[in-house]
Amino acid sequence: MERGNRKSYGKEGEQAAAKYLESNGYKILECNFRAGRIGEIDIIARENEYLCFIEVKTRSSTLFGFPCESVTRKKQLNIIKLAKAYINQKKLPDQNIRFDVVELVSDGKNGVISYRINLIKNAFYS
């Protein structure tokens, strides 16, 4: 898959993940939050008393493993830094925070893209 196509494929996955999260009681606060050169958090949302920082991983198949397997410890530490930056920027001390991963595997048949979606709450800890 070309770089440009992969990027738009990821964006489609993020949009599908946001819809899925909303339909499961999450309130989306921000998408694609960036903090300097640290990077980007795909989705920040609230679910009940939790402020959730959500990484979205989209794949066309599980041939090379499940999408969540690409959220390495290095990636996790980066997301934790971004979460701290968000909390500081928005002045939100004393939050119950959680790190979730949404993995999507496309099930594109007959030219229609649909996804098998798996939400992993508390996927990792700070």
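Derivation of every value follows stated rules applied to the coordinates shown; laboratory data play no part. None of the values given here were measured: they were computed from a predicted structure. All Cβ positions, glycine included, derive from the backbone under ideal geometry; neighbour counts span all protein chains shown.
For the chain, what does the helix formula give at 222 nm: sum of -39500 (n - 2.57) over DSSP H segments with n ≥ 4, over the residue count, nearest 500 deg cm²/dmol?
-10500 deg cm²/dmol
Which value in Å is the Kirkwood Rh of the chain over different Cα pairs?
15.0 Å
With springs connecting C-alpha atoms under 10 Å apart, model the chain as a Gaussian network and identify which of 30, 22, 49 has the largest mean-square fluctuation.
49
Determine the dipole magnitude for the chain: charges of +1 sit on the beta-carbon of Lys and Arg, -1 on that of Asp and Glu, nothing else is charged, the reference point is the Cα centre, and the result goes in debye to the nearest 20.
420 debye
In the structure shown, do any of 57/121; 57/90; 11/75 have a Cα-Cα gap over 22 Å, and if so which?
57/90
Suppose the chain between residue 75 and residue 37 were pulled fully straight at 0.36 nm per residue; how much longer would it get relative to their current alpha carbon spacing?
12.3 nm
If I build a Gaussian network model for the chain, linking alpha-carbon pairs within less than 10 angstrom, which residue out of 15, 89, 76 has the largest mean-square fluctuation?
Most flexible of the set in this elastic network: 89.
Give the order of 126, 106 when sorted by the count of other beta carbons within 10 angstrom, beginning with the fewest. Can you show the working numbers first?
Working: 126 13, 106 18.
By the 10 Å Cβ count, ascending, the order reads 126, 106.
Determine which aspartates and glutamates satisfy two conditions relative to residue 84: a Cα distance under 19 Å, and not lying fewer than 8 residues away in the same chain.
Hits, sequence-local ones excluded: 30, 40, 42, 47, 49, 55, 94, 100.
Please compute the contact order of the chain in relative form: average sequence separation of alpha-carbon pairs under 8 Å and at least six residues apart, divided by the residue count, as a percent.
Contact order relative to length: 22 percent.
Mind sorting 119, 92, 82 by how few other Cβ atoms lie within 10 Å of their own Cβ, fewest first?
Going from sparsest to densest Cβ surroundings: 92, 119, 82.
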